[in-house]
Structures are given as structure tokens and as C-alpha cells.
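The values are calculated or read from the model by the stated rules, or taken from the named source; none is laboratory data. In this text the structure is predicted, and so the values were computed from the model without any measurement. Every residue, glycine among them, receives a Cβ derived from its backbone with ideal geometry; neighbour counts consider all protein chains shown. What goes into the accessible areas is simple: the full protein's heavy atoms, side chains included, and nothing from ligands, DNA or RNA. Shrake-Rupley method; radii C 1.70, N 1.55, O 1.52, S 1.80 Å.
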Amino acid sequence: MKHDGVLMGKVNPQELDEFAKEADAWFAANVNPDPGFMLPLTFMEVGTDQQFDFLRDWQNKVYEAGYLGAAWPSEYGGGGLDQAFQDAATDAMRRHHAPIMLNAIGLNWTGPLLMDIGTEAHCKKHIKGILSAEDIWCQGFSEPDNGSDLGNAQLRAVRDGDEYVLNGSKIWTTQGNYAKYMILLARTNPDAPNKYAGLSFFLAPMKIPGVETRPIRKLTGEYGFTQTFFTDARIPADGLMGKEGEGWQVAMKTLEYERGVHGGQAGGYVLLPLDAFAVIDLARKLQRDGAPVMDDPVMRDALVEFMIEAQSLKLCQARGAFAPLNEERPFGLALSGKLMWTEFARRINEFAITLQGTKGGYYVGDPNAVDHGLWTRGYLNAFSATIGGGTSEIQHNIIAEHVLGLPKR
Amino acid sequence: MDNLGQLGFSEAQGDLMEVAKRFCREQSPMQKVRALMEDDLGHDPDVWDEMAALGWLSIAIPEAYEGAGLGVAEIVPIMEQMGRYFLAGPFFSTSLAAQAILVGGTEAQKQDYLPKIAGGSVATLALSEQSGNWDLTAITARASHTDQGLALSGEKFFVRDAAAANWIIASVLVDDKPALVLIAKDDLPKDALRREVIIDETKRSFALTLDGITVPKSALLDMAQAEAALAHIHLCANLLSTAEICGGTQNVIDYTLDYLRTRKQFGRTIGSYQALKHPSVDAYTGYERARSLLYSAAHSFNEQGTGEIATRMAKAQADKAYAYAADRAIQFHGGFGFTYECDAQLYRRSAIWHASQYGDAAYHRKKLADLIL
Ligand SMILES: Cc1cc2nc3c(=O)[nH]c(=O)nc-3n(C[C@H](O)[C@H](O)[C@H](O)COP(=O)(O)OP(=O)(O)OC[C@H]3O[C@@H](n4cnc5c(N)ncnc54)[C@H](O)[C@@H]3O)c2cc1C
């Protein structure tokens, strides 16, 4: 029997309470605060084998302990519990500053999609591997010539019997070199009446002849994403999600899962939440011309501005629960969240560098770098979110058109 | 300090918001706003009576004094809609005066005045002085004991709605200590009030000469509570002003969007240009952030420490958001934006007014630095 992601049923408050306590104790005992190297703050930053191996083991351990996928159906490898249980486990992770979940594309996009429109066979085949991090997933949407204009994707998929033959290239593929599978947007019909109608959505194996990944070095100096080349690569036709020509709709659906609207959440988090208070601690310990940075009125004012912004963003998130406060533009805050948070994260990291005086000139690896260069690297990495997942400019367009009702052209 | 305020929204707030939205929209269409700007009194007394009849003046007054026994948080959604539709009248002044008596008055004064205010009697505050200080304890006006009572001296400015008020509560020094005194309308000499020319023409404000005014001893509020009352008024005023600002910001954004959706240039609707689209989004997100802070400030208002932080944060963000949205509104209307006829100027002027009263963004950030850093 196929489930729609969330098992309904009565939650026994006592059981939930016990579960939450156990989870709390488990994370208290198992989170390793210092593995001896810098852990990535987001799934997009996984840049070394050391980081990858550590996080894969970590996700697997969390899953085996029952704190990931707790609300996904048990016949596919989940815990079969109510979502409230998973939420309690995720809360415990947050409380104990647990490392991120590695398999982001699998957990947030592929899993919910399979349980929504996939077959039972798809679910049986893939869900467990997603949860255990045995099967890493990546996302093949962007192409060298088509990024923001995703609907114009040109990678060709041609049906041949039980297979599709792929030719073309994807780029900026996060964890592309580690992935066993890709969710792929490809062009099945170049002659469709409009560009969107010619697209189809596939679950594509990566470890097959004709698929080649080439790591791309990021602005931080590390690796983490790839260009992926497809040359007469043959993938099974049963990996088609939805019908041929429905690729755009399926891709848009995945965006809803990412926002947690449908499909139930696997749990955990794939980005560490930004702690704005940490910048205050930083300002407290740094000096500027012999006096604490904290005494500099200009820096104080800037800090307060950031604190106000951080608080306002937190409250905007909380506002979702108060329907009367969102009556006039019901989707306004939901659609603005990415823009507001990612731009804030970029700017506060940038500010943190300016607090450091000469030491702002150090980078990761130098023994004198403030907090091991965390802030500088954080600033550079912050662009992953202002560019990836739809750039800030595109977010502005979306909000202007879908929230403010301004015309596309 | 890691509790900077939390969001909450009461059923009463929700009900009042609904009623106020309808009321303000219907009672304050733009032609009427414009007409009242030219009117000497500046508001419609019938509308004021209706507001009193709706019980709006009694909201934050305890039941013991014939009020509804709710809090300042419940006034916020009303003020927000008033700011949105520029509904003119002494609601802000009277609400603040009630708070001044509630926190700073003697029991006898509370029993005497609060029921009257709850019933719609207009009152206001005279706090600002020539110095232009936002610090309400920086007082130079005086009250001296005489056989007739308290003889007042000095000057007050930005006394809102004074011509309509039955009482004015003025801050003065008594024996060099801050105090508040009630001045009845009948005790005002003929030329004591001068209407000020202020940037926001939907509001009325007056300079008040205290020289020559004598009030009975019973007009002195509880001196032991004077500083607490001034601190409370400062925060209340900022909270209510933030509510007005949020309403104004919402409307100036909507007003501008209407234009961006209809005006055409180069064969395109101007709203399709990203140079106008993207700043509009920034204005919108700035507004939403201010509004989230506003309702957190309202909800947390009575919490020691947190209430102050949340209120100052809200005013700081709201000031910034209103100024930006209204500034861009003028620009985005082109030549029409430069006219008196275009409503953009009303909002920009209103934003300047709100920044000038009880502290602007930078002022509150400075206070916050000492509270949270
Ligand atoms: C760290 C990272 C990880 C990523 N991971 C993945 C992944 O796993 N899978 C995947 O498929 N993709 C991934 N991406 C790709 C990402 O989605 C694209 O980079 C992004 O959509 C932008 O496309 P582009 O790079 O082609 O830039 P372009 O679209 O060429 O944009 C260049 C500039 O033009 C602006 N621009 C473009 N169109 C408009 C417009 N209509 N209005 C205003 N401005 C416009 C953009 O905002 C940008 O500033 C990742 C990107 C990053 C940075």
C-alpha cells in the first residue's frame, strides 16, 4: 500500500514525550562537537572526502537510531510514526547543534516526490537508501547556458524502447561526484508548442556508462559541485516521473516539498541556522585600535541593525501561525523568506569580516585566523544561497509578480 | 538578553482589526482626508463620537474605571488602520493621556478622569520643549506652589489636538523634580495655544504657553510615579506610532502598486521594469518585517525589559520602512509624484512626522545598543 507521506493517527502524548526525551539524550550523547576539522554549514558546502564520509556516517547513525524519516512509512524504511515524533527528533538535533543531514536532495526533494507521484516500486527501491545515506542524490536542473531560465533546459532525452538516451550537460551539480542518482530535467520534445511543454522529469542513475562528472572548484578554493556530462547515456524509462512533457510541473512540485508544504518531512536540517548572536560574541572578543570593538559606536549601531533584522526575520517565520496577520497577502511571507534570509546571511557574514581589523585579511588555514576563518569562508559560501535555488534577483521577480501583482512584461 | 519579544495575537485584537479596517476605510476616504486637511479642527467630531460609541477609548482602561480592561496591545490594530487610511482625530493623544493617568495619576484622579476618557472625552499631552529633546525627562517648564495652587511657567510644543482637548497633561518641574499636571480647558488663557505648522497636514499640533496658568493642587499627578509615567508614555507612544506607521506603509505600497500596474511608457506597463519592481519588493519586505516586530512588541509590551526592546526594535524598523516606501512612492509616480495632488506626499510627510516624534530609527537603535549589546 502506498502512503502519502504522513501517517495519520492519534498521537499518544505520553509516548511522544518519552520519544522526545530519548531523542534528546541520544543527541546529547552522540553529537561530536569537534571532529577535528571544519564541518560544512550547508549541504552545498561539502567539499572534501573527509567531510563527506563524516556526514554520511552521521546521517546513517541518526537514521539507524530512528531519528530520521521517523514519519515516513515503515514498509519503505521509515519509522511509520506521526510527524510529531520526527519534529521532536529534529528539535533535539537543533538543541544539540547536531551536524547537518548530508543527503539533502534525496531527503527534501526526491523522497517526498516519490511518495507523492512515484510508484510503490519507486518507493521500495529508493526511500531506504535516501534515509540511510547509502544512495546520495543530486539535482540536474541547471545547464551551462540555462540557469535562471530553467524552463529553457536543453539536455536531450530520446526514448528508445525501455530506455531514454541522454545527451548534453548539467552544471553546478551539488554533490554530483558522490551521487548515485540524479533528479533530472531533460528535453524530450524540442518541437513542443512552448519551451516548458517539451520537458520531462527523470530519476537517473549516475554510475552508468556515458555519465561523467568533472569537479568544479568553488570561490572558497574547495570542491563541492560538478559539471555533469551525458554522452549517449542510457537510463531506464521507468525513471520517468509524471508523463512525458510534464517535467516542468513536476519540477515546480519539488519546490513545494522543499518548503515543507506537502509530502511530510524526512526531518533533520540541511542548513545550519544562522546564529546572529554569535556576531555579538565575536564583537565582544575583538579589539580595534586597542579598545573593544564593542565600544565603537559605529559598530554598535551596525550590530543593532543586524539584531533587529534577525529578530524581524524570526518573527516573520513565526507569523505563518497567525492567519489573521497574513490575510491580505497570504503567501507574501512564505515567498519572501528565501530572499530575506539569504541576503541577511550574506551581509552579516560580510560585516563579521569587517569587525576583525587586520585579521579580516586571514583565511582558513592560517593559525591566526579569527574562528579559523569561519566568517570569511561563511561570507563566500553565503552566495551559494543567494545564487543557488533561484537567485535573489529572480526571487525579487517572483515576489513582485506573484505577491505584488506586477506584470511580467 | 536573548528574549527580544515574541509573536502573539489575541482574539480581541483580531476582532478589533476587522471592525477598524471597515470603519476607517468607510469613514476616511481620500476626499475626506483632503477636506479635513483644510479644516481648522482637522477631524470629524461625529466620527469621534462613533469611535467612542464603539468603545475604542475604553479599551486599555481597567474595568474598575469603566473601561474594557484590555491592554495597549488591543489598541494597536486600531491605530494601524487609522494610519492606513489617515483617519484624523485625537485618538492617539487621548489614548496616551489615559495611560499617563493610569500609571501616573492618584487614585482620585483615576476615578475622576478615566471614566470620562473611556466615554470619549478628549485629552492630550504636553511634553516636548524648545530643546527638541526626545528625552521626556529633560524638562524646564515649572510649576510653583502659590496660595491659589500651582503657578505654571514655560512653553510646550507639539501638543497634539490641544484645541479639541478637555484636558492637557503637561510635564513640569516641581522643586526640580519631574511632575505631571492636569490643565483643564477652562484654565487656559485666551492666547495660550498657537497652532503649529507641521509637516503632516492630517494632524493638528499646538504650542502651549504655560505662563499665567494656575491649576489647583489637586491637578498634580502622583509625583512618586512621574518618571515611571514618562517612561511608560514614551514606550506607548512609540508602540502606537509604529502601528500607525505600519498602516501607512501598507497603504503607500498599495497606492504605488496601483500606479505601477496601470501607467504605461515605451509601450510597457511601468511595473514590468525591474528598476521599479525590485525596490517595490524591498519596500514590501521592509514593511512585513516592521509589522512582525509591531505585533511582537504589542504582545510583549507588558514584559519587563522585553517590552522596551521589542517596541524600540519595531519603531526603528518601521521608521526605516515607511521612509523608504514613501520616498520611492514619490519617485515612482514621476512628475505626478511631485504634485500636491498625488497622495505619495501625504505618506512621505507622515513618515517624517512619525520619525520626529518620540524618537527615530537611529535614536532607538542607540537605546537598543545599551539594552542588548
Ligand atoms: C552553490 C551552488 C549550488 C548549486 N547547486 C545546484 C544543483 O545542485 N543543481 C542544479 O541544477 N543547480 C545548482 N545550482 C545552480 C543555480 O540554481 C544557478 O546557478 C542559478 O539558478 C542561476 O543560474 P546561472 O548560474 O545560469 O546564472 P544566470 O541565470 O546566468 O544569472 C546571471 C545573473 O543574471 C541575473 N538574472 C538572470 N535572469 C534574470 C532576470 N530574469 N531578471 C533579473 N536578473 C536576472 C541573475 O540573478 C544573476 O545575477 C547551484 C548554484 C550554486 C551557486
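Tabulated data
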quantity	calculated
Anisotropy class of region A:1-145 from Cα gyration tensor, a/c 1.5 cut	oblate
Residue of B:L239, B:L210, B:L87 that the Gaussian network model of chain B assigns the largest fluctuation, springs spanning Cα pairs under 10 Å	B:L210
Linear extension gain, A:D145 paired with A:D53, 0.36 nm per residue minus alpha-carbon span	29.9 nm
Spin-label zone in region B:262-298 - amide nitrogen under 19 Å from a point set 7 Å from the Cα of B:Q331 along the C-beta vector	B:263, B:265, B:270-288
Approximate spin-label separation B:S131-B:R261, in nm, with each point projected 7 Å along Cα-to-Cβ	5.0
Segment A:A65-A:A84, length gained on full extension (0.36 nm per residue, minus Cα span)	5.2 nm
If the convex hull is drawn through the Cα atoms of chain A, its volume per residue in Å³	165
Within straight-line cross-link reach of A:K195, aspartates and glutamates at Cα separation under 13 Å, skipping those fewer than 8 residues along the same chain	A:D149, A:E246
A:A28/A:H372 FRET efficiency (R0 25 Å; Cβ-Cβ; nearest 0.05)	0.50
MRE, 222 nm, helices only [DSSP H, n ≥ 4, -39500 (n - 2.57), over chain A, to nearest 500]	-12500 deg cm²/dmol
Centre separation in Å (Cα based) which lies between region A:165-188 and region B:233-308	42
Inter-label distance for A:T354 and A:R95, nm, one decimal - labels placed 7 Å from Cα along Cα-to-Cβ	3.8
Cα-centre dipole for the protein assembly as shown with unit charges at Cβ (Lys and Arg positive, Asp and Glu negative), debye to 20	1940
³J(HN,Hα), Karplus 6.51/-1.76/1.60, whole Hz, each residue of region A:15-31, x for Gly, Pro	4, 4, 4, 5, 4, 4, 5, 4, 4, 4, 5, 4, 5, 4, 7, 10, 6
FRET efficiency, A:A237 to A:E120 (Cβ-Cβ, R0 22 Å, nearest 0.05)	0.80
Amide H within-cut-off set for A:R159, under 5 Å, with H built and near neighbours excluded	A:V165
In Å, descending, principal axis extents of the Cα set of region B:87-243	44, 31, 29
Over chain B: helical MRE at 222 nm, DSSP H runs n ≥ 4 each giving -39500 (n - 2.57), nearest 500	-17000 deg cm²/dmol
Residue-by-residue Karplus 3J(HN,Hα) for region A:376-386, coefficients 6.51, -1.76, 1.60, Hz, glycine and proline x	5, 4, x, 5, 4, 5, 4, 5, 4, 8, 7
C-alpha center-to-center spacing [region B:174-205, region A:215-236] in angstrom	73
Residue list for region A:53-90, given a label point 7 angstrom along the Cα-to-Cβ vector of A:K207 and an amide N cut-off under 20 Å	A:53-61
Accessible surface, region A:138-258, averaged per residue in Å² (probe 1.4 Å)	44
Global geometry of chain B, whether rounded, prolate or oblate, following the gyration tensor of its Cα atoms and the 1.5 cut on a/c	prolate
Ratio Rg/Rh, restricted to the protein assembly as shown and using Cα atoms, in which Rh is the Kirkwood radius	1.04
Long-range amide H partners of A:C138 with built H, under 5 Å	A:Y181, A:M182, A:I183
Whole-Hz ³J(HN,Hα) from phi, Karplus 6.51 cos²θ - 1.76 cosθ + 1.60, for region A:119-131, glycine and proline x	8, 4, 4, 4, 4, 4, 6, 10, 4, 4, x, 5, 5
Stretch gain in nm, segment B:T106-B:A64, where the contour uses 0.36 nm per residue and the Cα spacing is subtracted	13.7 nm
For A:G66, residues with placed amide H under 5 Å, excluding near neighbours	none
Peptides B:161-172, A:304-315, A:322-333, A:183-194 ordered by average Cβ neighbours within 10 Å, highest first	B:161-172, A:304-315, A:183-194, A:322-333
Helix B:76-85 vs. chain B, principal-axis angle (Cα, 0 to 90°, nearest 10)	60
